[in-house]
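> Below is a structure I'd like to ask you about.
No lab work stands behind these numbers, since they all come straight from the coordinates. Bear in mind that the values here come from a model prediction, so they are computed numbers and not experimental data. No Cβ is skipped: glycine too gets one built from the backbone with ideal geometry, and neighbour counts run over all protein chains shown.
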Amino acid sequence: MKLIKKKTDKLIFSAEVDNSLANAIRRYISQIPIVAVDEVEISKNDSALYDETLAHRIGLIPLKAKKQTGKIKLDSKKEGIVYSGELKGDAEVVYDKIPITLLDKGQELEIKATLKSGRGFEHAKFSPGLMFFRNIAELKIDKKFKDKIKKICPNANIKESGNQIIIIDDGEEEISDVCAGIAEKAGEKPEMKENSELIIKLESFGQISLEALFEKSIDELRKDFHAV
């Protein structure tokens, strides 16, 4: 396993993993229990948005919660944008600058919501993140295309081999299609092969860490294997 890039909400690495196993891990992210808003009670809504629209927006706000149930509320009378950070209670919002609605002078908004644990296959609000993967590819094309490829893809991993160059597509962004397109436009067909190593990209919505996203997905997959 080789780390390619890590940010707060994104992790990219390469690993020797079978495609079918990687796909199973990707699918089982939707089986990870996540806490989100279940029901919304709107006592006062002077904003221009319908109650249903407000409830939908609040339901999709990512939350961090220590318990599987709880309550949060929002009581705002200030003029301007109402942000997710104004939600208070048994859970912490992941991003406190998500706009919920806009209030004019003298308008009010009073909301109470209950929380529950659910899974992404039930509703998108319970989804903790996403996973993508692709095979590392090697592309062989004529050496005359090297300068053009370096101009379009300056970070490309290029090796020379006689009259050809070998482009190893093993980075953060997929470039094999772009490089192949350069040769194909000139009427030449590049040689491409994929190896067994994968580039895996994880993106978290913030309810759990990137490491936990991967580990918990494997745990849920393992549970189903043991149940068979």
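> Figure the gain on full extension for Tyr50 and Glu172 (residue separation times 0.36 nm, minus the Cα-Cα span) and round it to one decimal in nm.
Working: separation 122, 0.36 × 122 = 43.92 nm, distance 4.14 nm.
Net length gain for the segment: 39.8 nm.
> Further question on the same structure: Hey, which of these cross-link pairs are over 23 Å Cα-Cα: Lys78/Lys125; Lys64/Lys125; Lys144/Lys193?
Over 23 Å Cα-Cα: Lys78/Lys125.
> With the crude spin-label approximation of a point 7 Å out along Cα→Cβ, what separation in nm comes out for Asn155 versus Lys71?
Result for the modelled spin labels: 4.8 nm.
> Among 190-201, 117-128, 143-154, how do they line up from the highest to the lowest mean number of other beta-carbon atoms within 10 Å? Provide the component values of the computation, followed by the final result.
Working: 190-201: 15.7, 117-128: 17.4, 143-154: 13.7.
Output ranking for 190-201, 117-128, 143-154: 117-128, 190-201, 143-154.
> Quick one: P(r) of the range 110-159 from all Cα-Cα pairs, 5 Å bins, percents rounded to integers, in order of increasing distance.
Answer for the range 110-159: a P(r) of 4, 12, 14, 11, 8, 7, 5, 8, 9, 8, 6, 4, 2, 0 percent.
> Another question, if that's okay. Helix hunt in the chain: which complete DSSP H runs extend at least 15 Å axially by C-alpha with mean Kyte-Doolittle at least -1.0?
Long hydrophobic helices here: 210-227.
> At q = 0.17, 0.18 Å⁻¹, work out log10 I(q)/I(0) for the range 123-186 with the Debye formula, treating every Cα as an identical point scatterer and leaving solvent out; two decimals please.
The Debye formula, applied to the Cα set alone, gives -0.58, -0.63.
> OK, next. Per 0.36 nm of contour for each residue apart, how much would the distance between Lys146 and Arg27 grow if the chain were fully extended, relative to their Cα-Cα spacing? Write down the numbers at each step before the final one.
On the way: separation 119, 0.36 × 119 = 42.84 nm, distance 3.85 nm.
My answer for the length gained is 39.0 nm.
> At what distance in nm do the modelled label points of Ser117 and Glu211 sit from each other, each positioned 7 Å from its Cα along Cα→Cβ?
2.2
> Given R₀ = 41 Å, FRET efficiency for Glu110-Met1 by Cβ-Cβ distance, to 0.05?
0.25
> Project the alpha carbons of the chain onto their principal axes and report the range along each, largest first, in whole Å.
74, 50, 25
> Right, something else. Over the Cα atoms, compute the radius of gyration (one decimal) and Dmax (the largest Cα-Cα distance, rounded to a whole number) for the range 86-176, in Å.
Using the Cα atoms of the range 86-176, the pair Rg, Dmax is 25.1, 75 Å.
> Using the alpha-carbon centroid of each, what span in Å lies between the range 77-108 and the range 19-61?
The distance from the Cα centre of the range 77-108 to that of the range 19-61 comes to 17 Å.
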